Structure formats: C-alpha cells, structure tokens
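Notes follow once the structure below has been shown.
The values are calculated or read from the model by the stated rules, or taken from the named source; none is laboratory data. Since the model is a prediction, treat every value here as computed from it, not as a measurement. Virtual Cβ from ideal backbone geometry, glycine too; neighbours counted across all protein chains shown. Quick note on the areas: whole protein, heavy atoms, side chains included, nothing else; ligands and nucleic acids left out. Shrake-Rupley method; radii C 1.70, N 1.55, O 1.52, S 1.80 Å.
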Amino acid sequence: MAKLRLDVGPGPLRAEHDRLLRTALRRGETDPEGALAEGSLQGDYSERALAIAVDTWRRRMVHEHQSAAVFARLLPQLMAAAATLEHKTTVLRMAMDELRHASLCAGVVSLLGGEPEAEAELRTEPLPEHEDGDAVEACLRNVLFVGCLSETVSIALLTEERELTREPVIERVVAQLAADEVLHAKLGWSYLAATWPALSAEAKTRMGAYLPVAFRYLREKMHGAMPLGRARIEGALKDELEALGVMSSEEGRALFAATVEEVILPRLEDHGLPARDAWTAPD
Ligand SMILES: [Fe+2]
Ligand SMILES: [Fe+2]
C-alpha cells in the first residue's frame with residue numbers, strides 16, 4: 001500500500017496536460033475542473049454525512065485511477081486482435097478519461113473537506129489472457145466485460161446520482177463522469193458488433209461459456225463497491241448523502257441488477273449470447 005494523490009506536477013508537461021483537458025477530453029461548454037476550483041458546498045451537512053461521502057469519493061478516486069490501467073492494457077490486446085484503428089485511439093482516450101475521473105473524484109474529496117489522497121495498492125493487475133481462444137476472442141471477452149458490463153452499469157449508477165445530487169459542483173463532476181462512461185460503454189458494444197458476425201460457431205460457444213464467469217466477477221466487484229452491513233442509511237442521512245452524490249448501497253445494488261436485466265441481457269441476447277442463463281447461473 002502507498003499513498004495515491006492526483007496532483008499535476010509543475011514540470012514542462014503541465015501545459016500539455018491542461019491542453020488535453022481543454023481539447024481532446026472536453027465535453028460540453030464548461031469544465032468540471034473549473035467548477036471545482038471556484039466552487040464550494042451550498043448546503044450544510046452533518047459530520048457523519050461528510051465522513052461517509054469523503055470515504056466514498058476517495059474509494060471512487062482509487063477505482064477510477066485503476067480503470068486507466070485497464071484501458072491502457074486493452075490497447076495491446078486490440079493490436080493483437082487486428083482491431084480497426086478507431087478502437088485503438090478511443091481506448092487510449094478512455095485511459096486518459098479515467099485518470100481525469102480520478103482527479104475529479106479527488107477534487108470532490110477536497111470540496112467535502114477531506115484530504116485528496118488515499119492509501120491504495122498502486123500496482124495494477126494484468127488483464128486475463130483467455131488462452132483457450134484466439135486473439136480476437138481474448139480481446140472481445142475483456143472489452144465486453146469492461147464496456148458492455150462494467151461501464152454500462154456505471155452509466156446507470158451515475159445517471160441516477162446525477163439526478164439525486166443537489167450540490168452544483170458535484171452535479172457537474174457526476175455529469176462529466178456519466179458522459180464519458182457513455183463512450184466507454186460504446187467501446188464494448190461497438191467491438192462486439194464489429195467482431196461477433198465473423199466469429200466461428202465454436203468461438204461463439206466459448207463466448208457464451210465465458211459469460212457466467214464474467215457475471216460472477218461483475219457481481220463481486222459491484223457488491224464489493226456497495227457494501228451492506230454497516231448501519232442502514234435512512235432518513236435525513238440518506239437525504240444528505242444523496243445531495244453529495246452518494247447513493248445507498250441497497251439502492252445501488254437494486255439499480256445494478258435492474259440495469260443488467262433490462263439493458264445488458266437483452267442486448268447480449270440480441271447477438272445470440274445465452275446471457276440470461278449466464279446471469280441466473282448459480283455461483
Ligand atoms: Fe470513470
Ligand atoms: Fe469508464
């Protein structure tokens with residue numbers, strides 16, 4: 001474990017970093033970094049609500065930072081799979097988006113009065129190689145997991161949190177995260193549509209067999225990020241947390257399940273993947 005901070009250093013690349021934010025990574029008219037730099041909290045909150053919100057946004061900061069490595073590691077897999085160029089360029093933009101998300105989450109931690117740093121494992125894990133299939137299958141499995149599953153769920157969670165939050169600066173940050181995750185999900189759905197028709201029948205069957213593994217891991221990851229068991233969050237505290245962009249774990253888990261069932265399963269089934277059986281398969 002080590003200290004994770006998202007500061008931009010004073011060296012000569014700082015101007016290039018700022019230029020990337022203003023140009024390549026830009027969405028909409030105003031940037032959330034500007035809102036964070038000038039903004040402050042509008043409402044009054046209990047110590048307890050602020051502490052939970054700081055903890056949640058800090059965990060998001062660590063998670064977003066790790067996601068950057070996932071997208072960066074997808075590039076060599078897309079290269080090995082002979083993916084068309086837009087997949088390779090876009091996946092690197094996504095890695096940059098995730099670094100930016102981490103720094104935006106750090107900004108929210110500061111806004112909430114917390115120290116924008118976290119104790120975290122800085123070493124990241126390699127992606128699965130899936131050696132039972134060829135390079136396209138291996139790449140598709142990872143892209144499907146990240147884009148069609150993980151990021152598609154993120155869109156639903158962030159869209160709901162955007163509705164709930166009543167702090168304008170946090171709303172601006174959540175809006176940026178949600179808009180970027182739309183693109184990140186699109187990578188998965190676009191690569192699935194691009195590669196699926198040409199896969200052999202055996203490869204399609206292997207893809208179907210991978211799905212229960214993918215859903216099990218997704219559920220574990222999502223439920224890990226939405227822990228139950230601490231004192232139930234209700235009433236005024238729940239209201240305060242929602243204003244700060246933090247949904248309760250119970251609602252997050254319900255929205256996760258609904259998104260899988262109503263959005264993800266039908267889209268995967270449209271390709272002929274046995275997604276519903278995979279989702280309901282016992283662990
Ligand atoms: Fe993100
Ligand atoms: Fe993302």
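Miscellaneous remarks
- Filtering segment 252-283 to residues that are free of Cβ contacts under 8 Å to residues at least 60 places away in the same chain, more than 15 Å from Ile155 (Cα to Cα) and of a type in the set (Lys, Arg) leaves only Arg276.
- In segment 39-58, the condition of being part of a loop (DSSP other than H, G, I, E, B), open to solvent by less than 50 Å² (accessible area, probe 1.4 Å) and over 25 Å from Glu234 (Cβ atoms) is met by at least one residue.
- Filter pass, Leu158 being hydrophobic (A, V, I, L, M, F, W, C), surrounded by fewer than 21 Cβ atoms within 10 Å (Cβ to Cβ), within 16 Å of ligand 1 (Cβ to nearest atom) and in a helix (DSSP H, G or I): no
- Tabulated pairs, segment 5-33, first under 22 Å from Gln66 (Cα atoms), second of a type in the set (A, V, I, L, M, F, W, C) and not in a helix (DSSP H, G or I), C-beta under 6 angstrom, 6+ apart or interchain: Arg14/Val8; His17/Val8
- Just one of the listed residues (Pro126, Pro76, Pro116) is open to solvent by 70 Å² or more (accessible area, probe 1.4 Å), more than 16 Å from ligand 1 (Cβ to nearest atom) and touching a residue at least 12 places away in the same chain (Cβ under 8 Å), and it is Pro126.
- The single condition from (1) open to solvent by less than 20 Å² (accessible area, probe 1.4 Å); (2) modelled with pLDDT of 95 or more; (3) within 16 Å of ligand 2 (Cβ to nearest atom) that Leu25 fails is (2).
- Checking Glu131 against (1) of a type in the set (D, E, K, R); (2) closer than 20 Å to Ala179 by Cα; (3) part of a loop (DSSP other than H, G, I, E, B), the condition it does not meet: (2)
- Filter result for the condition that a residue is of a type outside the set (S, T, N, Q) and modelled with pLDDT of 95 or more, over Pro227, Pro266: Pro266
- Test result for Val174, among the β-branched types (Val, Ile, Thr) and either farther than 21 Å from Arg58 by Cα or outside any helix (DSSP H, G or I) (or both): no
- Entirely in segment 179-283, the helices (runs of 4 or more DSSP H) that have 3 or more residues that are closer than 30 Å to Ala106 by Cβ: 201-225, 235-243, 249-259
- Considering Glu242, Glu234, the condition of being at pLDDT 95 or above, of a type outside the set (Lys, Arg) and over 20 Å from Phe145 (Cβ atoms) is satisfied by Glu242 alone.
- Qualifying residue in segment 174-190 (condition: in contact (Cβ under 8 Å) with a residue 40 or more places away in the chain and acidic (Asp, Glu)): yes
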